[in-house]
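Here's the structure we're looking at; comments come further down.
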Amino acid sequence: MPLSNDIVLRPRFKIEIPRTNASVLEDFDKSKTVQSDFIVSRVDDHVFIKFPKRKQHFWSPQLHLEINEIDQNSCLLHGLFGPNPTVWTLFMFLHFLVAGLFIAFAVWAYTNWTLNNSYAIQISLMLLMVVFWFGLYFTGRIGRASGKNEMQELHNFMLNVVEGENTKTSFL
């Protein structure tokens, strides 16, 4: 599974499967009972694959699949790799916090500028927020890199379950 160097923290892919979505979903349901290396859960047309607690670490990824019917003989599987939802929520909270502080410091700097007061501290704090944002971004990239082998394991497991006739994969 090739991963590009694009600015993508949550890689996505599509696979066209020449089977009905019901049969593919059944295969995922069966996989719950025949293996213990992954936790497979299903809600309607959505399948979530993750590692058991004993094998997880902070950066462990999980795979979210959505299996949509194209016609009576084929379906389209949409895959999305991502961190644990708690980790993702934490990172989004921190991003919004940094963005909110940046805007607040910008308003404060503009106010001081219009009042002809010194605004060097506010500009410095704005630059610090930019540094924090880059820090968050690179921390996310490091986390994704540390989970790359696990992403490969999840992808291989998913392909083994789906494995069938001609599957055509395209990465977004």
Scan segment 145-160 and give yes if some residue there is open to solvent by less than 70 Å² (accessible area, probe 1.4 Å), over 15 Å from the mean Cα position of the chain (by Cα) and of a type in the set (A, V, I, L, M), otherwise no.
yes
All conditions in (1) over 29 Å from ARG144 (Cβ atoms); (2) touching a Phe, Trp or Tyr at 6+ places or on another chain (Cβ under 8 Å); (3) not hydrophobic (A, V, I, L, M, F, W, C) are true of ASN116 except (2)
Answer yes if at least one residue in segment 111-122 is at pLDDT below 95, part of a helix (DSSP H, G or I), surrounded by 14 or more Cβ atoms within 10 Å (Cβ to Cβ) and not charged (D, E, K, R), and no otherwise.
no
When you look at VAL8, is it more than 23 Å from the chain's Cα centre (by Cα), modelled with pLDDT under 90 and either among the β-branched types (Val, Ile, Thr) or surrounded by 15 or more Cβ atoms within 10 Å (Cβ to Cβ) (or both), yes or no?
no
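The values are calculated or read from the model by the stated rules, or taken from the named source; none is laboratory data. Please read these numbers as outputs of a predicted model, since none were measured by experiment. Ideal geometry is used to build each Cβ from the backbone, glycine not excepted, and the neighbour counts take in all protein chains shown. Only protein heavy atoms, including side chains, enter the accessible area calculation; ligands, DNA and RNA are left aside. Shrake-Rupley method; radii C 1.70, N 1.55, O 1.52, S 1.80 Å.
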